[in-house]
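The values are calculated or read from the model by the stated rules, or taken from the named source; none is laboratory data. Owing to the predicted nature of the structure, the values given are computational and were not obtained by experimental measurement. Ideal geometry is used to build each Cβ from the backbone, glycine not excepted, and the neighbour counts take in all protein chains shown.
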Amino acid sequence: MQKSLSKSSLSIILLILLAGIWGSSFILMKRGMETLDGQKIFSDSQVASLRMIIASLVLLPFTLFALKKIKTAKQFISLTLVGLCGNFVPAFLFTFAETELSSGYAGMLNSFTPIFSIIIGGLIFKQKISPNQFIGVLIAFVGIILLMIAGNDLSNSGSWKHISAIVLATFLYAISLNTIKHTLSDFKSMEITALSFGILLLPGIFANFQTDTITVIQENSHAMEGLFFIAILSVVGTAFALILFNRIIALQSTLFASSVTYLIPIVAVIIGFAFKETINFYQIASMGIVIMGVLVANYWNLIFKKS
């Protein structure tokens with residue numbers, strides 16, 4: 001029991017830390033694209049490509065060290081899938097969405113990930129879901145829907161095209177985390193993160209040249225400001241955060257790990273509020289429902305599950 005409680009406590013601490021990091025990522029994306037007074041810096045695709053290449057370069061020493069762990073083509077395919085679905089493609093989808101959506105609203109939509117995780121885990125990997133997990137997910141999903149309705153007061157003018165981009169990104173996230181849990185259990189969290197980004201290094205370099213990022217760095221007077229926020233996003237919000245995320249998956253279930261996306265909107269909306277994005281009572285109440293769902297889905301399992 002003591003060992004289980006220790007493992008559970010660590011999982012919860014990591015989950016809260018990760019929610020704080022990823023919840024702040026949305027405003028960092030926005031600040032990479034424009035200044036506080038709305039002056040344009042980098043385009044959405046430039047922010048995404050810079051994020052990928054900086055994170056890949058930071059992790060490169062760890063990638064080279066972990067290369068020996070890849071023994072089969074299946075492992076390489078799984079790592080490539082994690083890199084593309086868990087990082088590369090969603091990075092472009094989220095920055096595109098944030099050209100019209102507020103960072104807080106984008107954080108809310110991100111919470112579709114656990115729903116897709118259950119569907120993919122059940123249909124493809126035959127993962128069993130306990131009754132309390134199913135009920136907890138439903139409660140949290142209701143909270144997310146209420147958050148989205150309450151989000152009408154947030155500063156966003158995006159169309160369904162921008163909303164759909166985030167929904168697609170969450171579907172890809174679900175594919176990635178199920179792939180990690182069910183096919184890469186022999187790898188440590190650091191190895192999964194480093195190797196998946198190592199695979200993305202060349203695509204990241206190619207994307208940077210295609211989006212003409214160098215010209216913006218040379219000619220835009222706010223480029224260094226934008227690069228500062230993108231660097232934080234890349235190192236802390238991407239590389240370090242994914243190590244935490246993969247560690248949580250190893251400690252618990254994919255459902256528990258993906259439940260971080262139920263907590264991210266709370267952080268994203270609060271930070272957005274600090275940057276002049278509005279927040280109201282209905283959003284606060286909806287956040288309470290979300291937290292309740294997370295507790296129902298995970299609390300009893302964390303306390304009583306045998307290690």
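Below, the figures for the structure above:
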| quantity | calculated |
| --- | --- |
| Residue within the stretch 120-130 that is in a helix (DSSP H, G or I), in contact (Cβ under 8 Å) with a residue 24 or more places away in the chain and surrounded by fewer than 24 Cβ atoms within 10 Å (Cβ to Cβ) present | yes |
| Residue tally, condition in contact with a strand residue (DSSP E or B) (Cβ under 7 Å, 6 or more places away or on another chain) and either among the acidic types (Asp, Glu) or crowded, with 17+ Cβ neighbours inside 10 Å (or both), over the stretch 34-71 | 2 |
| Complete set of residues in the stretch 76-115 that are surrounded by fewer than 21 Cβ atoms within 10 Å (Cβ to Cβ), outside any loop (DSSP other than H, G, I, E, B) and modelled with pLDDT under 95 | 115 |
| Pairs, first in contact (Cβ under 8 Å) with a residue 24 or more places away in the chain in the stretch 47-68, second of a type in the set (A, V, I, L, M) and not in a helix (DSSP H, G or I), C-beta under 9 Å, six or more apart | 47/41 |
| Set 13, 53: member being at pLDDT below 90, β-branched (Val, Ile, Thr) and assigned to a helix (DSSP H, G or I) | 13 |
| Some residue of the stretch 272-292 being modelled with pLDDT of 75 or more, polar (S, T, N, Q) and part of a helix (DSSP H, G or I) | yes |
| Residue selected from the stretch 164-207 under the condition crowded, with 19+ Cβ neighbours inside 10 Å and polar (S, T, N, Q), by the criterion modelled with the lowest pLDDT | 189 |
| Flag for residue 239 being in a helix (DSSP H, G or I), among the aliphatic types (A, V, I, L, M), within 20 Å of residue 115 (Cα to Cα) and within 13 Å of the chain's Cα centre (by Cα) | no |
| Single residue of the stretch 242-252 satisfying the filter (surrounded by fewer than 24 Cβ atoms within 10 Å (Cβ to Cβ) and of a type outside the set (Val, Ile, Thr)) that is modelled with the lowest pLDDT | 252 |
| Residues of the stretch 213-234 satisfying the condition of being within 16 Å of residue 27 (Cβ to Cβ) and β-branched (Val, Ile, Thr) | 230, 232 |
| Pairs, first closer than 18 Å to residue 129 by Cα and free of Cβ contacts under 8 Å to residues at least 40 places away in the same chain in the stretch 248-268, second surrounded by fewer than 24 Cβ atoms within 10 Å (Cβ to Cβ) and not polar (S, T, N, Q), C-beta under 9 Å, six or more apart | none |
| Complete set of residues in the stretch 194-225 that are assigned to a helix (DSSP H, G or I) and either free of Cβ contacts under 8 Å to residues at least 12 places away in the same chain or closer than 19 Å to residue 113 by Cα (or both) | 202, 206, 209, 214, 215, 217, 218, 219, 224 |
| Index of the failed condition, residue 299 passing every other in (1) over 17 Å from the mean Cα position of the chain (by Cα); (2) at pLDDT 75 or above | (2) |
